[in-house]
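The structure under discussion appears below in the form of structure tokens.
Quick note: the coordinates plus some simple rules give every number you see, no bench work behind them. Everything numeric here is computed off the predicted structure, so don't read it as measured data. Every residue, glycine as well, gets a Cβ built from its backbone with ideal geometry; the counts of neighbours run over all protein chains shown.
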Amino acid sequence: MTPVHYDSYTEARTHLKVLLDAAERGRVATVRRDSVRTAVVDVERLRHYLATVTPSRAQVVPEADGWSVFIPGLPVAADGASFDEAISEMVAALREYAEDWQDHLLDAPNHRDNWGLVQLISLSDDGQLRDWLVGETR
């Protein structure tokens with residue numbers, strides 16, 4: 001099985017079905033635009049891969065009035081009266097971080113390496129993010 005590669009946006013647009021079919025099957029599919037080469041990847045394959053290679057490292061701590069969740073090295077934390085509520089709040093906090101990253105943090109030196117995490121957050125539904133946080137895989 002050979003990779004699918006187009007040397008221009010126009011060529012890729014002409015063969016868009018072939019490009020998308022290749023990506024959906026897991027084949028290497030790329031498009032060159034000027035000097036930049038971009039990969040086209042099936043979302044579910046990418047999300048699964050990112051969830052596999054990016055452990056959440058979430059720390060859940062019981063407190064007097066509930067639970068706190070944080071991820072070391074990230075400016076993201078959440079609290080809740082129950083474990084499930086704290087995890088749900090953390091999902092919301094992660095979504096907010098991903099929005100902030102897309103908006104203005106992507107070029108900040110201390111945030112730019114979080115690209116994979118932001119992709120994982122953005123490509124996951126709330127259930128998938130919850131499972132990722134607590135270490136369950138689907």
Mean ellipticity per residue at 222 nm, deg cm²/dmol - from DSSP H runs of n ≥ 4 across the chain, formula -39500 (n - 2.57)
-13500 deg cm²/dmol
1/(1 + (r/R0)^6) with r = Cβ-Cβ of E96 and T52, R0 = 22 Å, i.e. FRET efficiency to nearest 0.05, evaluates to 0.35
Distance between Cα centroids, segment 46-88 to segment 1-20: provide it in whole Å.
40
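For N114, what charge total do you get from the other residues with a beta carbon under 15 Å from its beta carbon, if Lys and Arg give +1 and Asp and Glu give -1?
Values: positive: R57, R95, R112; negative: E96, E99, D100, D103, D107, D113.
That sum, taken over residues with Cβ under 15 Å, equals -3.
What is the antiparallel percent of DSSP beta bridges lying wholly in the chain, to the nearest 5?
On the way: 13 of 16 bridges.
Taking every DSSP beta bridge within the chain, about 80 percent pair in antiparallel fashion.
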Which option, (i) 125; (ii) 239; (iii) 110, is the value of volume of the Cα convex hull per residue in Å³ that was calculated from these coordinates?
(i)
